[in-house]
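Enquirer: Please see the structure below; I have some questions.
The values are calculated or read from the model by the stated rules, or taken from the named source; none is laboratory data. These numbers were taken from a predicted model, which means no experiment stands behind them. Positions of Cβ are backbone-derived with ideal geometry, glycine not excepted, and every protein chain shown enters the neighbour counts. Accessible surface is based on the protein model in full, side chains and every heavy atom, while ligands, DNA and RNA are left aside. Shrake-Rupley method; radii C 1.70, N 1.55, O 1.52, S 1.80 Å.
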Amino acid sequence: MNVLLIEDEPKTSSFLKAFLEENNIYCKICQDVDDALNVLLKDHFDIIVTDIIMPGKSGLELVKTIRERKIKSPVLVISALGETEHKVQGLNVGADDYLPKPFDLNEFLARISALYRRSKMSNLSTEKLQFKDLELNLSSMEVIREGNSIVLSPKEFNLLAYLVRNQGRVVPKSELLEQVWNLGNGINTNVVEVYINYVRKKVDKNYPIKYLHTLHGIGYVIKTEKMLE
């Protein structure tokens, strides 16, 4: 496994690099976002770890930019900004996980190892999900409906894929927060509603038969029958 660490605090970056290399993980350090972008355009990394607050552009800007450029490496955001709103912001722009500082090194290792395993399983998978004329290719993250290509962000794709996997079953908001965003119960955020709206506009808007339905106060479901929304 090789890791790109974006961290402007020299003591922290050196400490984490030494820890990772003790565990046989190659680690390259960048101290700002522009440097990291230059490196990512040339080399592939299995995992990207970035702080939020850095000189110049923030780590969140980095995540947003690499997702726009179709760089799919899993991203772990680490930050002393541990409030829920910062965690949600990180996940909203395309990060895969968030770890507040200070953190236990064993948890840090477990988080990046889990992201690595998940990524490898996804890359090896050629599984396709299908509901009626809606098809999702899990390896390429391509979405097709009635032969038309639909472009979704990674988080939009993961949300739609989870609902299609559970087609016909009403999926509660709390389950989506946990399974798609890695957020626990009790967190007050409208991120699910926002992303449901994004996906609905792309998947349903131009088609007479709607697939994505909302049961207010209950959850969301993929099915063809018209439902009370």
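Enquirer: Among the numbered criteria (1) more than 30 Å from L138 (Cβ to Cβ); (2) in contact with a Gly (Cβ under 8 Å, 6 or more places away or on another chain); (3) among the aliphatic types (A, V, I, L, M), which single criterion is violated by L105?
Expert: Here L105 clears every test but (2).
Enquirer: Let me ask something else about it. So, in segment 44-76, exactly how many residues are open to solvent by 20 Å² or more (accessible area, probe 1.4 Å) and of a type in the set (S, T, N, Q)?
Expert: 2
Enquirer: What do you reckon, is V191 open to solvent by less than 50 Å² (accessible area, probe 1.4 Å) and more than 24 Å from L99 (Cα to Cα)?
Expert: Details: open to solvent by less than 50 Å² (accessible area, probe 1.4 Å): yes; more than 24 Å from L99 (Cα to Cα): no.
In short, no.
Enquirer: Here are some residues: F131, F108. Which one is buried (at least 16 other Cβ atoms within 10 Å of the Cβ), farther than 29 Å from N190 by Cβ and at pLDDT 90 or above?
Expert: Details: F131 fails: farther than 29 Å from N190 by Cβ.
Of F131, F108, the one residue that is buried (at least 16 other Cβ atoms within 10 Å of the Cβ), farther than 29 Å from N190 by Cβ and at pLDDT 90 or above is F108.
Enquirer: Let me ask you something else. Does segment 160-179 hold any residues that are farther than 17 Å from K87 by Cα and in a helix (DSSP H, G or I), and which are they?
Expert: Scanning segment 160-179 gives L160, A161, Y162, L163, V164, R165, K173, E175.
Enquirer: Sticking with this structure for a sec: Here is a list of conditions, (1) modelled with pLDDT under 90; (2) under 19 Å from I71 (Cα atoms); (3) over 16 Å from the mean Cα position of the chain (by Cα), and Q167 meets all of them except one; can you say which number that is?
Expert: All conditions are met except number (2).
Enquirer: Within segment 149-202, how many residues turn out to be of a type in the set (F, W, Y) and in contact with a strand residue (DSSP E or B) (Cβ under 8 Å, 6 or more places away or on another chain)? Give the derivation first.
Expert: To start, the set of residues in segment 149-202 that are of a type in the set (F, W, Y) comprises 157, 162, 181, 195, 198.
So of that shortlist, the ones also in contact with a strand residue (DSSP E or B) (Cβ under 8 Å, 6 or more places away or on another chain) come out as 157, 162.
Total meeting the criteria: 2.
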